[in-house]
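Here is the structure we will look at.
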Amino acid sequence: MSAPSRRRVGSSSKVPLPATRFVAWDKKVRQMTAKLPKTLSLFHTHNRWVLLLALVPAALAPAQAEEPSLAETLAWMDSTYNPHERSGGGFGHGREEIFSEGKPFKRRFSFFTHENCTITLSNQDDPTAPLYSDLYTSAVYNFNLRDIDPASIKIYRYDAQAGGLSCDVDSQHMICDVAEIEFETRNQTPLIKENLHIVWPKLQGSEHEAHNNKPTFVATFYVDNSEYADRFAKAFRHAVALCGGKASPF
């Protein structure tokens, strides 16, 4: 009469996954070392185990998450920064509103379009804001992300309720709620095309407006939320890197 099986009910006779991989690697390494010259036969076993043990950590390491592609990065920037409320999206974060004594007196809007690595950034003053009653501007910047220095992308934070005072003054006792993301080209080479439109609403004739088209090396994104500015700057740096942008040498 045969002895009763001691295997527990529900247990599996299959080899655990790590062991299965280990056996497969061992077989693969055996095949590799079998091709070595016979003069090295004394070292076959030793080399096989050294190679096998070297492969184990890499094979068991968790897979690294893939970085977002350029298309994914620009899509996120567009979806969150630009206004899309008419199509069911959000209001975006491309605006800056500053208050004085509790009343708004400065307001600017910002949005961008993109085609691969080419960006068109538009910044506009709100002519209805008190600060721009005598003069307001709009500017369009055209540039390629490969020309941007990723190390130059900096965030400047301001207290919107304190007249837009810079948080560099006393950030611990200020509400740093709005921000500007400034960036430059590599080596400050003037590769950004700036089209500036200036309007004097109280003047007429040839003095009512002016246009100034010139190259520049610096431009700015306006952001209505300081915490979002950190996320946008990170995505912007990533997009610059994917397009081949490099830091200035000094």
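Taken together, the values in this text are just the output of simple stated rules run on the coordinates, not laboratory data. Computed from a predicted model, the values in this text were never measured in an experiment. Don't worry about glycine lacking a Cβ; one is built from the backbone with ideal geometry, like all the others, and counts go over all protein chains shown.
Details
- If you take the Cα centroid of region 213-250 and the Cα centroid of region 160-206, the two points sit 14 Å apart.
- Annotated for region 70-242: lysine pairs at least 8 residues apart or interchain, Cα distance under 29 Å, count 15.
- Each label was represented as a point 7 Å from its Cα along the Cα-to-Cβ direction; for Glu72 and Ser171 these points are 3.0 nm apart.
- FRET efficiency for the pair Lys202 and Glu85, taken as 1/(1 + (r/R0)^6) with r the Cβ-Cβ distance and R0 = 30 Å, rounds to 0.40.
- Gain on full stretching of the segment that runs from Leu135 to Asn116 - 0.36 nm per residue minus C-alpha separation: 3.4 nm
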